[in-house]
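Here is the structure we will look at, set down as structure tokens.
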Amino acid sequence: MTIWNLGSINADIVYSVPHIPSPGETLASTGRAVFLGGKGANMSVAAARAAARVAHIGAVGADGRWAVERLLEYGVDTRHIVEIDVETAQAIIAVDTNGENIIILHQGANVKIPTHVLEQALTQAETGDALVFQNETNLQVQAASLAAKMGLRVAYAAAPFDSGAVMAVLPYLDFLILNEVEAAQLKDTTGQGPQDIPVKDVIVTLGAKGATWFGPDGPINVPAHKVTPIDTTGAGDTFTGYVLAGLDRGQPMLQAMQMASKAAAIMVMRRGTADVIPDLADVQSFSD
């Protein structure tokens, strides 16, 4: 089967800093690196490295050809990524010595994906395939609605969080993944906790406390592995990509989450985003 990802593609410019800067503070970085990133690209690479077939739907500017080439190198089908006359999205990321980060996002081409690109891509989808998307692109409602009508498994990573965006796609979802803060924000908006949301499978990621699955059998927690983090950027995306890949291979949700937890643990011990996501061999051999 295929995981179709309506996903963002960024140039992630990562600065190492001694601490997260305060308002008005000027702070010298101790290092700088440029990575392939964006929640969408991260999830595509993670799922591909977890042995799934992944087709990415998105857009870049002429300055982003390198990003498409790198996705292809990492095993992602890039035939549905178009080049448009808008600059490629950028994320400015500051990472402190504890691995925590702040991110400033310039959306660029990610919110200018042409409708016909989405429609042409999904004409090739088959019943049983999955669609995943995040709140970093346009066409979210159109994608969710079309995928649901086609019988695809529809998954949404509700980040960056916006209550309106979540509510607009909620009727079409089979799988919703949020972090702890986003789950609290959604409850503030709707009055519904993760166990009350009318979606078959809901996962709330809890950082160092693991992740909780709210499914047919009630909440089940998968603990995180105890590691020393270097950079938490992209860990949640890695987790999501691995869960989707596991489900695509027919794994039960709990087993898919356990594998994803290992992948996320490896990820936080590496500095960078899509370029350093672990492959399946790394994950299978991991022990803490």
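The values are calculated or read from the model by the stated rules, or taken from the named source; none is laboratory data. Source: prediction; values computed, not measured. In this analysis, Cβ positions are derived from the backbone assuming ideal geometry, glycine residues included, and neighbour counts consider all displayed protein chains. In case anyone asks, the SASA skips ligands and DNA or RNA and just uses the protein heavy atoms, side chains included. Shrake-Rupley method; radii C 1.70, N 1.55, O 1.52, S 1.80 Å.
Worth pointing out:
- Inter-residue pairs, beta-carbon under 9 Å, first of a type in the set (F, W, Y) and in region 267-288, second open to solvent by 30 Å² or more (accessible area, probe 1.4 Å) and at pLDDT 90 or above, 6+ apart: F286/H225; F286/K262
- Helices (runs of 4 or more DSSP H) (entirely within region 88-179) containing at least 2 residues that are among the β-branched types (V, I, T): 115-122, 163-169
- Each residue in region 53-82 was checked for being open to solvent by less than 10 Å² (accessible area, probe 1.4 Å) and not in a helix (DSSP H, G or I), and 9 of them qualify.
- Lone qualifier among V204, V199 - being assigned to a loop (DSSP other than H, G, I, E, B), open to solvent by less than 40 Å² (accessible area, probe 1.4 Å), in contact with an Asp or Glu (Cβ under 9 Å, 6 or more places away or on another chain) and touching a residue at least 12 places away in the same chain (Cβ under 8 Å): V199
- Any hit, region 209-225, residues being in a strand (DSSP E or B), in contact (Cβ under 8 Å) with a residue 40 or more places away in the chain and among the aromatic types (F, W, Y): yes
- Single match in I81, I102, I57 (criterion: farther than 18 Å from D248 by Cβ, touching a Gly at 6+ places or on another chain (Cβ under 8 Å) and in contact (Cβ under 8 Å) with a residue 24 or more places away in the chain): I81
Every residue, every condition in (1) under 30 Å from P114 (Cβ atoms); (2) out of contact with any strand residue (DSSP E or B) (no Cβ under 7 Å at 6 or more places or on another chain), yes or no:
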{"position": "D129", "(1), (2)": "yes, no"}
{"position": "L139", "(1), (2)": "yes, no"}
{"position": "G151", "(1), (2)": "yes, yes"}
{"position": "A165", "(1), (2)": "yes, yes"}
{"position": "A183", "(1), (2)": "no, no"}
{"position": "V202", "(1), (2)": "no, no"}
{"position": "L206", "(1), (2)": "no, no"}
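- Per-region count, region 260-285, residues outside any helix (DSSP H, G or I), open to solvent by 10 Å² or more (accessible area, probe 1.4 Å) and within 22 Å of N98 (Cβ to Cβ): 3
- Filtered by the rule that a residue be in a strand (DSSP E or B) and of a type in the set (A, V, I, L, M), region 4-41 gives L6, A11, I13, V14, A33, V34, L36.
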